[in-house]
Every structure is written in structure tokens, then in C-alpha cells.
Amino acid sequence: MNLFATLNQTLDLIPEGARAAGLGALMKGAGKVTRYLPIPQPTLLVGPGSSRRLGQALTAFGHQKLLIVTDAMIVKLGLLKSLTDALDAGGTAWALFDEITPDAPIPLIERGLARFQEEACDALVAVGGGSAMDAAKVIAVASANPLKPLRSLAGYFKGLNHPPPVYAVPTTAGTGSEVTVAAVIADPQRRSKLVIVDTRLVPKMAALDPELMAGLPPAITAATGMDALTHAVESFLGHWASPGTDGLALAAVGLIFDNLRSAYLEGSNLEVRERMSLASTYAGMAFTRANVGYVHAIAHQFGGRYHTPHGLANAIVLPQVLRFLAPAVMPRLAALAVRARLGTVKDNEQVLAQRFLDAVDALNRDLGIPTHLAALREKDIPALAEAALHEAHTGYPVPRYMTRAECESLIRRLLPPKEEAAAPAGGLAAPAATSPAATPAPEGQPKAARAPRKAPAPPTAQTAQTAPTPRAPRKSSSRKTPTAE
Ligand SMILES: NC(=O)c1ccc[n+]([C@@H]2O[C@H](COP(=O)([O-])OP(=O)(O)OC[C@H]3O[C@@H](n4cnc5c(N)ncnc54)[C@H](O)[C@@H]3O)[C@@H](O)[C@H]2O)c1
Ligand SMILES: [Fe+2]
């Protein structure tokens, strides 16, 4: 158990107002430490063809055998070919584990680990979205710590032994996992997600190859792009932000507002795809040091309970959390607005902040992101809020403390209309007036409880993430044809 978890359990006995002050001070203090924590950065190869260049580079490292960790769709689309051709040409042996599913669950990681051991591999190459990259990271840490059950690796620095190297080829522009210290997997038994954090999990080298993203379906482009935006925004607004992380987060926000709509509408534009993958990587670099906040804490609960895709869950929650935080972070929201080209530094701060909130709503609307979570059920809200606040208050440097009542009320605003009607009377009322968070926003400031504007005929959370449209698979000439094994 980490220090924050222990402290939070002790603080459970203390009234919520006092707890808010205690945790705020503790998190600010911890930020002073994380600012100087050495976090390795992978060598980045960027641009069309960089996955082939990664394959060429890997042949120089003298690995005995690489395990390529990916999913069946990536194989079917022929996205491994440049990499595996380069490995074959350089005489580097590799084996394939292509069973990854979204939010890779524990039994799947165990199968990947068995493959890693059976094939006597000594390094991993993840090719795919966050699910493949995180699975490879967890297989790596588990292989080095065979006596530890997977669940016990969740938390900070739980693996004693150094994991084998991981290399990454992201095929979505969202998670930033190619540069982060984190790995997220699913625990289906407990219907929750496990987060493993260790600086030794950062990949050694990563290829940002826009050619691999040209066929990413619009709905996945949208959701993963909003994940990257959430990383940038949460790292910028939290207490652990520093000048270094601010630069990266702002760069990501600018790139995302400039390019995400085009990536959604015009997926084959490689320049736009490259800029989105840079944005995702910059946002990953920012949050791996400055961490995330309430949006991720709540979204992880939706992922664990309803299997809502991670980026989609973040996109739906982000507008609500921004409105809640706004009174405490007005100048920071204004700075985000300027970087999103919504005004200049000469404009009124509150006006800029409001424009940023409106621009996030508009972006969601243009990307077909719904304002409600179709799977959400009123009866689940107390447990969801409790788990989200536990995650946030034991790990994230949030800029404004959220009470249990405020969290429940925020989640309740995401109920689909049918469930909303079944919510208890007063369930949609403003947050309880027991903490500073309940203070109404002064005139002209963004209002914490304002509902986002309704999207025209919004898709539901269940329909928004459609299955990828397969492109014709390219012909494979590698000595080992990658098929679903
Ligand atoms: N480690 C971290 O720092 C970190 C950060 C954020 C999120 N995550 C985790 O990452 C996971 C989500 O990752 P994700 O959003 O990238 O989605 P994903 O990896 O789950 O992939 C989503 C879908 O997109 C498909 N896909 C991926 N690339 C494609 C391509 N180029 N063309 C066509 N289809 C493609 C996949 O087959 C899959 O069906 C979650 O488990 C989340 O918790 C990790
Ligand atoms: Fe995320």
C-alpha cells in the first residue's frame, strides 16, 4: 500500500472539509518530489516508415528473440509488416502474441506471459493501442517477478526485479503509453482496472508511424484523441504541473485543437496523423510526471464496470469535471484557451476560461461523442463515486477537492435520459454545501453545474466506438506469417 492510500484510510475518520485540506497539502508536497524523479524517455523515431526503422534499429541490440504483442485486427490490417520485414532482413528472431483485447484482462496477460517464457524471449515489441502497449509492459514486469501474483503488482514500484526491455509502436494517438511509467489492465473478477506504475516500464524506443494510423476508424480516432486531450488538460490543471510539463501539455492542446477534427474527417492525411501522434506523446510525457485527475478516476470506473472504451469515457466525463474545477483553476483554463486559439492573453480571463469549456463541448459534439453514458445505471452511482474518489484521493494531485455528494451528483448528470427519470428526487441537485467546492461560481465565471450543450442526435456510448473497418491485408513475406494463433 502506498503512502497516500495509508493516509487516506486514516483520513476516512476525519470530516470531509478537514480531509480536503490535508490531502491538498500532502499532494502538493508529493509533487515537489515527483518533479525531480528521474523518468527515462524513449528514443523516438517519428514519421512515415518509422516502424520499419525501429525494426532495423532493433537488429543492432542483439536480442535473442522478441515477443511482438498485438491484437488480431492489427495483424489483419497488415500493420506489422514493415516491422517484421525489417526484423527478418536483419536476422532478428521474433514470436507473435496477437490475442490482445481492449483493456487486456488478467487471464490474457497470463497467456502472453506463458508465450514469452515458452518462446524464450528476452524483449517485447508492442504494436497497437494502449491495450497492447500496457499488456506488453505488464508481461515484462510479471516475467521478471514470477513469484508475485499479477494483482499484487498493482501500485507503485511493486516489482522487485528489473523487467526486460519493451519497445512500442502505437497505432492509436491517445494513450501516450509509449512514453509513460504506467500500465493499465482489467481485473474482470473485481470488475475494476489495475494500474501498475514503475519508471522501469517506460519503453526504450518508440516509433510514431502515421502510416499505421491512416485506417484508424473515425470513432476510435475521436475517442483516443480525447484521451490525449484529457491527459494534457489534467496534467496542466493538477498540483504537480511544472514548467516542463506545462510546455508539453500546452503543445499537445494546441496540436489537438488544430488537428483532431481533421484526423476524424480525413483519416488518411498522414501529416495530420503525425501531428496527432506527437500530441499524444507530448501529453503522455506531461502526465507521466504531473499525473491525471478526476476525469480519469471516474472514467476508469466506467471502464471497469461497463467496459466503456477508455478514451470515450474520458471524453464524456471531461466537460463535467472541467465545470466542477473551473472556480479553482480559472487562469489555467484561460491559458489553455489561448493555446487552443480561442483568444489572446489580452482577453478577460473568465471569458477565456468559459470559451475553453465551450470549445471542449463543441469538439466532443463535432466528433460524435455523446453527452451521456448509455450503460450508466442509477443504482451503481454510489459505488462508482466511492471508487473514483478513492482512486483520485490516493493518487492524483487534484486542484479542487470533490466530496462524495459532489461526485455522485456529477456522475448522475451523465445518466441516459431513461435512467435520469428514475433518479431519486433531488438527485440532480447542486452539490452539498459542506465544502468550498459548493460555493457558487461568481458572476461571469464558468458555472460548475452547467450541462454541456446537447449534441445533435448523439450516438450512445455503446454505439460510438464501432468496429474498425479492415483494409485489405498487405501480403506478408516474413518467414513467420502472423496469424491468429
Ligand atoms: N499506460 C498508460 O499510460 C495509459 C494511458 C491511457 C490509457 N491507457 C489504457 O490504454 C487502453 C486504451 O488504449 P486505446 O485507447 O489506444 O485503445 P485500444 O488499444 O484498446 O484499441 C481500441 C481498438 O482500436 C483498434 N485499433 C488500434 N489501432 C488501430 C489501427 N491503427 N487501425 C485500426 N484499428 C486499430 C484495436 O484493434 C481495438 O479494437 C485502456 O486500457 C487504457 O486504460 C494507458
Ligand atoms: Fe487516459
Taking the criterion of being away from ligand 1 (no atom under 13 Å from the Cβ), acidic (Asp, Glu) and free of Cβ contacts under 8 Å to residues at least 60 places away in the same chain, would at least one residue in the stretch 249-267 satisfy it?
yes
Is it true that some residue in the stretch 191-207 is in a helix (DSSP H, G or I), within 13 Å of ligand 1 (Cβ to nearest atom) and either closer than 26 Å to residue 290 by Cβ or among the hydrophobic types (A, V, I, L, M, F, W, C) (or both)?
yes
Quick count over the stretch 142-187, residues being at negative phi and either assigned to a helix (DSSP H, G or I) or near ligand 1 (Cβ under 8 Å from one of its atoms) (or both), is 22
Selection count, the stretch 87-130, where residues are among the small types (Gly, Ala, Ser), surrounded by 19 or more Cβ atoms within 10 Å (Cβ to Cβ) and more than 16 Å from ligand 1 (Cβ to nearest atom)
1
Working only within the stretch 146-171, note down all residues that are modelled with pLDDT of 95 or more and touching a Leu at 6+ places or on another chain (Cβ under 6 Å).
166, 171
List every residue pair whose Cβ atoms sit under 6 Å apart, with the two residues 6 or more apart in sequence or on different chains, where the first one lies in the stretch 63-82 and is on the phi > 0 side of the Ramachandran plot and the second, anywhere, is surrounded by 24 or more Cβ atoms within 10 Å (Cβ to Cβ) and among the charged types (D, E, K, R).
none
Would you point out which residue out of 54, 79 is in a helix (DSSP H, G or I), within 30 Å of residue 113 (Cα to Cα) and modelled with pLDDT of 55 or more?
54
Only one residue in 299, 251 is over 30 Å from residue 377 (Cα atoms) and of a type in the set (A, V, I, L, M, F, W, C), so which one is that?
251
Restricting attention to the stretch 142-185, report how many residues are surrounded by 24 or more Cβ atoms within 10 Å (Cβ to Cβ) and either over 24 Å from residue 74 (Cα atoms) or among the small types (Gly, Ala, Ser) (or both).
6
Quick count over the stretch 224-248, residues being in a loop (DSSP other than H, G, I, E, B) and either under 17 Å from residue 294 (Cα atoms) or within 16 Å of ligand 1 (Cβ to nearest atom) (or both), is 4
Given the criterion more than 23 Å from residue 39 (Cβ to Cβ) and of a type in the set (D, E, K, R), identify the matching residue among 111, 200.
111
Please verify whether the stretch 83-100 includes one or more residues that are in contact with a Gly (Cβ under 8 Å, 6 or more places away or on another chain) and more than 23 Å from residue 57 (Cα to Cα).
yes
If you go through the stretch 269-278 one residue at a time, do you hit one that is under 17 Å from residue 176 (Cα atoms), within 11 Å of ligand 2 (Cβ to nearest atom), within 14 Å of the chain's Cα centre (by Cα) and in a helix (DSSP H, G or I)?
no
Of the listed residues (168, 173), the one being in contact (Cβ under 8 Å) with a residue 40 or more places away in the chain, within 16 Å of ligand 2 (Cβ to nearest atom) and out of contact with any strand residue (DSSP E or B) (no Cβ under 7 Å at 6 or more places or on another chain) is 173
Kindly indicate which of 34, 6, 10 is under 25 Å from residue 155 (Cβ atoms), among the β-branched types (Val, Ile, Thr), modelled with pLDDT under 70 and in contact with a Phe, Trp or Tyr (Cβ under 8 Å, 6 or more places away or on another chain).
34
Using beta carbons and a limit of 8 Å, which pairs, at least six apart or on different chains, have the first residue in the stretch 99-127 and hydroxyl-bearing (Ser, Thr, Tyr) and the second one buried (at least 16 other Cβ atoms within 10 Å of the Cβ)?
101/71; 101/108; 101/131
Here's a check for you: in the stretch 190-244, which residue that is hydroxyl-bearing (Ser, Thr, Tyr) and crowded, with 18+ Cβ neighbours inside 10 Å is nearest to ligand 2 (Cβ to nearest atom)?
230
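The values are calculated or read from the model by the stated rules, or taken from the named source; none is laboratory data. Nothing here was measured: the structure is a model prediction, and the numbers come from that model. Note: ideal-geometry Cβ built from the backbone for every residue, glycine included; neighbour counts use all protein chains shown.
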